[in-house]
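Since every read-out is calculated from the coordinates, none of them should be taken as a lab result. The model shown is predicted, which means the values in this text are computed figures rather than measured ones. As a convention, Cβ positions derive from the backbone with ideal geometry for all residues, glycine included, and neighbour counts pool all protein chains shown.
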């Protein structure tokens, strides 16, 4: 029944659909959050921009490919979810929301990110998984407070050396890319706690034993001939890992996500939806 209703809504004129979606949003929500995920939206309901105290805005799983300039009125926004839409370019207005801490852009059609993204100097978590990135945009390396970077399921073959500037980065997810070598820059980032290079084409792993902050490395589904050496107490997920029984990569990844969100106190509880399938 739910799918039938969604199919019918898709044929409703956009203006009517928007009117229906926001008819109960005439006042600022007490929790300062608006969730319009999964509503078949093709245009953003501009009326929402009148809620200038809004802190969280979820627009996931719609048909959006643009956003109005009025979105810039939401200067207190801290979490913005635009994943599972049709964006081919990140709307410039997003880069004016300088209080953003968490930005979800996964499962779109992005080939690059604008230079103006560097204005988001409060950003701690960035999701760009399942897009069309062939290289990690240099602008990501300018997000000095970034703690978590999810860039899996793209077409990345290497990482920029400037990434080591991100001294606050603790977790990097690179599953499902086109890496043939373990990214050399990660060897110079001892503060990393979680490294995920599952489902790439890495044939050899250098020693990671010198990465003093490392807690978890996921390297399964690579044609490697060796397991990465790690310091005592570091959890490994992949071939030849000593751990018995060997942990499931999906569970390990979900565990790390739970740890992140419990520390940050932010982020939607959607890790199972955003993980690569069959991982």
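A few notes on this one:
- Shown for 173, 240: other C-beta atoms within 10 Å of each C-beta, ranked fewest to most, produce the order 240, 173.
- One decimal place: the segment residue 65-residue 112 gains 15.4 nm when fully extended, by the rule 0.36 nm per residue minus the C-alpha distance.
- Rounded Å value of the spacing that divides the Cα centres of the stretch 178-234 and the stretch 127-157: 17
- Approximating the spin labels as points 7 Å out from Cα along Cα→Cβ, the residue 122-to-residue 157 distance works out to 3.9 nm.
- Bins of 5 Å, starting at 0 and running to the largest distance - Cα pair percent for the stretch 114-217: 3, 13, 24, 28, 20, 9, 3, 0
- Tensor-based shape of the stretch 181-247 (alpha-carbon gyration tensor, a/c under 1.5 rounded, otherwise prolate or oblate): oblate
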